[in-house]
Structures are given as structure tokens and as C-alpha cells.
Amino acid sequence: MKLIFLGPPGAGKGTLADLAVDVLKVPHISTGDLFRAAVKAGSPLGLKVKDIMATGGLVPDELTIEIVRERLSQPDAKNGWILDGFPRTIPQADSLEKLAPADRAVNFEVADEIVIGRLSTRRVCRGCGKIYNVKTMAPKKDGVCDACGGEVYTRDDDKAEAIKFRLETYRKQTEPLIAWFGAKGKLVTIDGVGDPKVVLERFRKALGV
Ligand code: ADP
Ligand code: ZN
């Protein structure tokens, strides 16, 4: 199955994708994770996107489409995938439609106030990308990843100034994709508020998986 996860930053796309991977047995592909890995490696791509990401802006479409094209060409993506954080613009959606059309676009609905609360308490592992929340899903040992022992930190774009800008960017550039996928008959809407396990059950029901 080829799935796109839509929704504002902090909607829980990454958390849900990690859970859904066990159900669907397809890879979780997050463009945010791919870019963060490039930044960490200090690659030419990483140097280009570092400052854009820190402020919460969008990486240019050409670079983003290229990184997705490359990732989808790998063997593990043959039988399906969950794309988390892509497409985020209409041109990205157009190019994916030509490259490998998704079966469904799953939109996680979460109100702004909740999203802002979640992002300001979100933490991420620098080593493996595992997502935590100091309020609701804290690592067992403060600042240390349960899964890999890596450093659990606050992303630059989860700081207050960047959060507001990311939500504005989402409204302008990404939200129109909901209607876009609706018009294609691919849209599935899910209430994203609640415990991730509860949201996963809603997801399974809605998709019949
Ligand atoms: P979020 O928590 O906002 O969903 P992500 O981890 O998906 O964050 O993305 C982090 C950052 O990476 C974005 O703010 C943006 O700078 C960049 N990025 C990720 N995916 C895309 C994309 N499809 N198009 C442009 N930029 C992207
Ligand atoms: Zn880790």
C-alpha cells in the first residue's frame, strides 16, 4: 500500500507512521528525517537545507522531489510506503502523481492549540529519530533515547518562533492538498487527537488494515 500522511506539523504523522509500519510492513519515509540526516552528515544537501529548516521554511521543491525520487527507487520501497511530510506543495503532489501515485492520502486533523502544545514539548533522538514528548511520552532516562541511547533534543524548528511560522507555511502551502486529494477521491480523514494507540485504531478501521 502506498500512503501519504497529511496534516499540520505536530499532527502526529511521524508517531503514527512508526506504529503503522508494523501493521503494513512498508517503510516509513519522512522527508524531514532525510533532510535531518543530510544536515547531520554535513553533506552538500545538508548545508543547503540547514538554515531553511531551522527557521521552519520549506526546502525548494526541486531538492525535495529529488530526494524522494532517490528514496523511492530503493528496493525496500518496491511494495509500498508511508510518505510522511511529502508532498507539502501542489508541485510536489503533481510530481509524485507522475512518479508513483499514492493509493490514499490520510489527513490527521488536530486543532492549532493542540499542535502548538505538542510541538513545544516534543523531543527527538539525534541518533535514530525516535519521537518523544516530555509531557506524554518521555524517555525513561531524561535526555537519553530508550531505543539507541542517543541524545534526545529539541529540534530548532520546535522552538516558539519557528512553530508559528511553520503553521503559517502549512496553511498557505500544504493545506490546499487536502482538497487536491479529495478531488482525486483519495482522501481519508482521521481525528488525530488522543493517545497514539487510539489514533492507530482509527487509522486501521478507516483503511481496513
Ligand atoms: P514537521 O514536524 O513539521 O512535520 P518534518 O520533520 O516533516 O516536520 O520536516 C522538518 C522540515 O524539513 C520542514 O520544516 C522543512 O524545512 C523540511 N521539509 C520536510 N519535508 C519537506 C517537503 N516535502 N518540502 C519542503 N520542505 C520539507
Ligand atoms: Zn534513538
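The values are calculated or read from the model by the stated rules, or taken from the named source; none is laboratory data. Since the model is a prediction, treat every value here as computed from it, not as a measurement. When we count neighbours, we look across all protein chains shown, and the Cβ atoms used for this are built from the backbone with ideal geometry, even at glycine. SASA here: full protein model, heavy atoms, side chains in, ligands and nucleic acids out. Shrake-Rupley method; radii C 1.70, N 1.55, O 1.52, S 1.80 Å.
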| query | Can you tell me how many residues in the range 122-167 are at pLDDT below 95 and acidic (Asp, Glu)? | reply | 4
| Can you list the helices (runs of 4 or more DSSP H) found entirely within the range 99-202 that contain at least 3 residues being touching a strand residue (DSSP E or B) at 6+ places or on another chain (Cβ under 8 Å) and surrounded by fewer than 17 Cβ atoms within 10 Å (Cβ to Cβ)? | none
| note | Subset of the range 43-78, residues more than 12 Å from ligand 1 (Cβ to nearest atom), open to solvent by 40 Å² or more (accessible area, probe 1.4 Å) and over 17 Å from Val26 (Cα atoms), comes to Pro44, Leu47
| message | Every residue in the range 54-72 that is among the small types (Gly, Ala, Ser) and either farther than 18 Å from Ala37 by Cα or assigned to a helix (DSSP H, G or I) (or both), please. | response | Ala54
| task | Please work out if Asp94 is in contact (Cβ under 8 Å) with a residue 60 or more places away in the chain, within 14 Å of ligand 1 (Cβ to nearest atom) and at negative phi. | result | no
| Does Gly56 meet the test of being of a type outside the set (Lys, Arg), on the phi > 0 side of the Ramachandran plot and within 14 Å of the chain's Cα centre (by Cα)? | yes
| note | Of the residues in the range 6-17 that are at pLDDT 95 or above and assigned to a helix (DSSP H, G or I), the one that is nearest to ligand 1 (Cβ to nearest atom) is Lys13
